[in-house]
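Asks: Take this structure, written in structure tokens, and hold onto it; I'll ask about it next.
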Amino acid sequence: MADAAVKEKPAAAEGERELTDGFNLLIEALKLNGLNTIYGVPGIPITDFGRMAQAAGIRVLSFRHEQNAGYAASIAGFLTKKPGVCLTVSAPGFLNGLTALAHATTNCFPMILMSGSSEREIVDLQQGDYEEMDQLAIAKPLCKAAYRVLHAQDIGIGLARAIRAAVSGRPGGVYLDLPAKLFGQVMDAEKGKQSLVKVIDAAPVQIPSSDSIKRALDVLKSAKRPLIILGKGAAYAQADDAIRSFVEKTGAPFLPMSMGKGLLPDTHPQCAGAARSTVLKDSDVVMLIGARLNWLLSHGKGKAWGEAPKKFIQVDIEPKEMDSNVEIVAPVVGDIGSCVGAMLHAMGAWPAPPADWVKTVTSKRDENVAKMAPRLMNNNVPMDYHGALGVLRDIVKARPDAILVNEGANTLDLARGIIDVYKPRKRIDVGTWGIMGIGMGYAIAAAIETGKPVLCVEGDSAFGFSGMEVETICRYKLPVCIVIFNNDGIYRGTDVNNASSDPATTVFVKGSRYDKMIEAFGGTGVNATSPDELRRAVNEAMDSGKPTLINAVIDPKAGSESGRIGNLNPQSALKKK
Ligand code: ADP
Ligand code: MG
């Protein structure tokens, strides 16, 4: 039956009946569902599809490597709550995009990776087709859902399934396999149109039970030392007003996870960012909102969490997340907008948390902020991290709408703490995996999806994973300012290899001039050797909106091994010095 519409090829009817094909159906299906941007790399068998999509009004952004296009799609999903779409060629292109798809799934970002693929009949018999690979089977364990569309009349349903899988419940990555043959399949235009699906209510609200709301509020109210942790799920939910009102009404200190920063400004009186160790250790009731108790929170136990017994409340859309690391005494399962809204509604008059707890947290925070302040104002040459980041911190304060992209080791750890964020979803970074290479893809998608200027703060090593995309940034004339913290290497630029004439494994060419790279493509390159030069260059770039790459020369001796997570890096006790 399903085949009928395709096979019934018009004999004499060609002139009378209007026809459509797989190319057009997929384009119409995307547009019908408001998926108006594609991030990808052209090639066999999707080159013409990209051209036709562009001609049909879809924004098609061509990258230099699929992984970067994939990261762009993943963060587009986070920023918009719609699946970001990445388009790749078969086998190698697909595999390049797959890392980003797995990353999206791990981070709970909605994304659809659409890859062209080779002849099923030949692939399944392993007869050696062009770019032969069983892509569907390979994608499956690495994403939330994977589908293949074999017939043009199933494109509508296939895309609908992909969209629903990506955005409903806990968001994630979806793979859509599109065999080359599909694109050219012809069918009756009217039937084709009828086969398309406009997805209604793709991410239905999930209302928490009133029992779970009452239980959570009772536990929170009983706290002597409450703490609220806001994760990137809370930022994703776009329930900004409700979250802010709720946190303010509780009066509790809150700790933003890296991409939860800005839901309430880091300068908010309740923000405990600068008193992180204290609040983790000494709190007695912790409410997690869209944050997981994974390695980033030391799994909710051990030294970081102190000796005192703790009760955890968790607000999350994924029921299986509960009790994943420690007991959750008050699970609240639902979408964050509905959950926080319900809690706000049910709170009634709320007692302020004990004054001594608030005072402990505030004084610890103020003490740490004061300790840091003079270091951020240093004008050392060569620059150290604090001098350079102090500059960027002022710039972000003056430009709270700009989007901050951040990756690296020391560049990441220190920037996370030093650069305050003032609005939701303005900081995007390496996420749950601590992945390197998201930089340029994120910067491009952030500029495209939000229309805001982007400041990209990159370690020199991290930048290398996606550096070629500066050409893409120049080609699309995006308002992206990249600052590379160049300390000549990974962690530091001072390692020495005594065993041979090869350089040590963690060092790069000394005195590299990354700023020259962007000049090759018509962008602005600046070499900044002092905090003053850095300030001038970044401000100029942000004012002009012109693609700019600033090589910020950092002391090669600055920086520590693995940044702040050196404890995760096993070191040989037997190694020769
Ligand atoms: P962080 O790294 O900032 O701590 P995580 O990625 O670990 O954040 O956690 C995000 C959590 O948010 C995930 O458990 C995910 O299920 C949840 N989440 C994502 N979107 C929503 C939503 N709209 N409503 C409720 N929970 C959500
Ligand atoms: Mg470095």
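Read-outs: derived from the displayed coordinates by stated rules, not from any lab. Treat the numbers as computed from the prediction; the structure is a model and nothing was measured. FYI the Cβ positions are ideal-geometry reconstructions off the backbone, even for glycines, and counts take in every protein chain you see.
Asks: Let me know the Kirkwood hydrodynamic radius for the chain, please, with Cα pairs as the basis and the value in Å to one decimal.
Replies: Value: 25.4 Å, from the Cα pair sum.
Asks: Between region 246-282 and region 432-467, how many Å separate their Cα centres?
Replies: After rounding, the separation between the Cα centres reads 25 Å.
Asks: If you don't mind, another one. Relative contact order for the chain using alpha-carbon pairs under 8 Å, separation at least 6, rounded to a whole percent?
Replies: Reported relative contact order: 12 percent.
Asks: Output the relative contact order of region 377-561, whole-number percent, from Cα pairs under 8 angstrom with separation of 6+ residues.
Replies: 26
Asks: With a cut-off of 8 Å between alpha carbons and a minimum separation of six or more residues, what is the relative contact order of region 210-363 in percent?
Replies: 32
Asks: Here's a follow-up. Cβ under 11 Å from ASP177's Cβ, ASP177 left aside: what net charge do those residues give with Lys, Arg +1 and Asp, Glu -1?
Replies: Within the 11 Å Cβ shell, the charges total +2.
Asks: Further question on the same structure: Calculate the length of the line joining the C-alpha centroid of region 331-369 to that of region 146-166, in whole Å.
Replies: 43
Asks: Does anyone have the angle between helix 385-398 and the longest principal axis of the chain? Alpha-carbon axes, 0 to 90°, nearest 10?
Replies: 70
Asks: Let me ask something else about it. To the nearest 10 degrees, how steep is helix 336-346 against the longest Cα principal axis of the chain, on a 0 to 90 scale?
Replies: Result, in degrees: 50.
Asks: What's the local net charge at SER117, with K and R +1, D and E -1, over the other residues with C-beta under 10 Å away?
Replies: -3
Asks: Same structure again: Could you pull out the pairs from LYS320/LYS359; LYS452/LYS516; LYS249/LYS281; LYS31/LYS423 whose alpha carbons sit more than 28 Å apart here? Don't jump to the answer; show the numbers that get you there.
Replies: On the way: LYS320/LYS359 36 Å; LYS452/LYS516 25 Å; LYS249/LYS281 23 Å; LYS31/LYS423 30 Å.
In this structure, LYS320/LYS359; LYS31/LYS423 lie more than 28 Å apart at Cα.
Asks: Right, something else. Report, to one decimal in Å, the Kirkwood hydrodynamic radius for region 210-363 based on all distinct Cα pairs.
Replies: Values: mean 1/r = 0.0664 Å⁻¹.
Averaging 1/r across every pair of different Cα atoms and inverting gives 15.1 Å.
Asks: Could you tell me the calculated FRET efficiency between SER562 and ASP48, based on Cβ-Cβ distance and R0 = 45 angstrom, to the nearest 0.05?
Replies: With R0 = 45 Å, the Cβ-Cβ based efficiency is 0.45.
Asks: Going 7 Å from the Cα of ALA137 in the Cα-to-Cβ direction, what parts of region 73-114 have a backbone nitrogen less than 19 Å from that spot?
Replies: 90-96, 98
Asks: Extending each Cα 7 Å along its Cβ direction at GLU519 and GLU121, get the distance between those two points in nm, one decimal.
Replies: 5.7
Asks: Next question, about the same structure. Can you give me the angle between helix 355-376 and the longest principal axis of the chain, using Cα atoms only, in degrees from 0 to 90, rounded to the nearest 10?
Replies: 80
Asks: Could I ask something else about it? How many angstrom lie between the Cα centre of region 309-326 and the Cα centre of region 76-99?
Replies: So the separation of the two Cα centres works out to 30 Å.
Asks: To the nearest 500 deg cm²/dmol, what mean residue ellipticity at 222 nm is calculated for the chain from DSSP H runs of n ≥ 4 alone, each contributing -39,500 (n - 2.57), summed and divided by the residues?
Replies: Per the formula, -11500 deg cm²/dmol.
Asks: For THR506 and VAL329, what is the calculated FRET efficiency with R₀ set at 60 Å and r taken between the beta-carbons, to the nearest 0.05?
Replies: Once the sixth-power term is evaluated, E becomes 0.85.
Asks: Right, next: Amide H to amide H, which residues 5 or more places from LEU549 or on other chains are under 5 Å from it, using H placed in the peptide plane?
Replies: Long-range HN contacts for LEU549: ILE482, THR524, GLY525, VAL526.
Asks: If R0 is 41 Å, what FRET efficiency do you get for HIS345 and ALA398 from their C-beta distance, rounded to 0.05? Don't skip to the answer; put the middle values down first.
Replies: Values: r = 37 Å, r/R0 = 0.91.
Efficiency for this residue pair is about 0.65.
Asks: Around SER117, which amide H atoms from residues at least 5 apart in sequence, or from another chain, sit under 5 Å from its own amide H, with H modelled in the peptide plane?
Replies: LEU178, ALA180
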